[in-house]
1. Give, in nm to one decimal, the length gained when the segment between residue 53 and residue 32 is fully stretched (0.36 nm per residue of separation minus the Cα-Cα distance).
2. With N set to the residue count of segment 4-73, report its C-alpha Rg divided by 2.2 N^0.38 Å to two decimal places.
3. Mind putting together the pair-distance distribution for segment 84-184? All Cα pairs, 10 Å bins, whole percent per bin, short to long.
4. Can you tell me the relative contact order of segment 44-95? Whole percent, Cα pairs under 8 Å, sequence separation 6 or more.
5. What percentage of all Cα-Cα pairs in segment 12-149 are separated by more than 23 Å?
6. Taking the C-alpha atoms of segment 158-270, how large are the radius of gyration and the largest Cα-Cα span, Dmax, in Å?
7. Could you grab the relative contact order for the chain? Cα pairs under 8 Å, six or more apart, rounded to a whole percent.
8. Just the Kirkwood number for segment 8-269, please: inverse of mean 1/r across all distinct Cα pairs, in Å, one decimal.
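Coordinate-derived values only; no laboratory data. Predicted model, so just to flag it, every value in this text is computed and none were measured. In this analysis, Cβ positions are derived from the backbone assuming ideal geometry, glycine residues included, and neighbour counts consider all displayed protein chains.
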Ligand code: PGA
């Protein structure tokens, strides 16, 4: 039987970096470097103020637009917030939710993230739900319980028919923007297996086999290949390296080459 081939993702999370000129330059460089590559789904998530200008640059290309957050209401008196409808209006296909910086620096709870996930999916946005443990939690062997909790609460009451619009990003908090602590490919593979297992318990084995799980946390051109060839690692969510077009494109190329290898292996096994 042909093994399941899942969609590979490479997503650039620009966080609160760039200005208009840099955003324009970066988006253009990524589009030019991508050509019409179809194997890997590439998404740029600029800060809110630059969504429109990046959207114009990537129009007609294979690069998709994503937002870094949203507020879970269609409209209303929510000063400073941005709704899913507004993001769709700007051409966003994706939204990152539950990023550890929003959990830990802005105090977002699992319940609030769950509200966002449901509203985003119902609106027609594709959700990248981030989960991941702190260093303390890893050191005290709480990684599995934490991933279990974040998935259970974050995906509570998500309708099964909206799962097509969902992917998970495993982002160990201790590996994000960190030169000293990197997750090894084995640590990533193990955590992805935990996530897939829990996802299967919640939504069934078939959904567990089709859900894409990306890894995030100091992914660079020199470690991307080793991560992508691990079982169950379906791409990457990239912060720092996504601010450099050459690095980001090198990671995209690593994902493309891994995807080619997997297709060849699957054809041989079929
Ligand atoms: P990093 O960020 O690649 O800079 O570690 C990843 C993220 O926070 O999504």
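1. Working: separation 21, 0.36 × 21 = 7.56 nm, distance 1.60 nm.
Roughly 6.0 nm would be gained on extension.
2. Values: Rg = 12.5 Å, N = 70, 2.2 N^0.38 = 11.1 Å.
Rounded to two decimals, the normalised Rg is 1.13.
3. Calculated P(r), rounded to whole percents: 15, 45, 29, 10, 0.
4. Computed over segment 44-95, the figure is 39 percent.
5. Values: 3724 of 9453 pairs.
Of the Cα pairs, 39 percent sit more than 23 Å apart.
6. Radius of gyration, then largest Cα-Cα span, for segment 158-270: 14.6, 42 Å.
7. Values: 496 pairs, mean separation 59.5, N = 270.
Relative contact order for the chain comes out at 22 percent.
8. Values: mean 1/r = 0.0543 Å⁻¹.
One over the average 1/r among Cα pairs gives 18.4 Å for segment 8-269.
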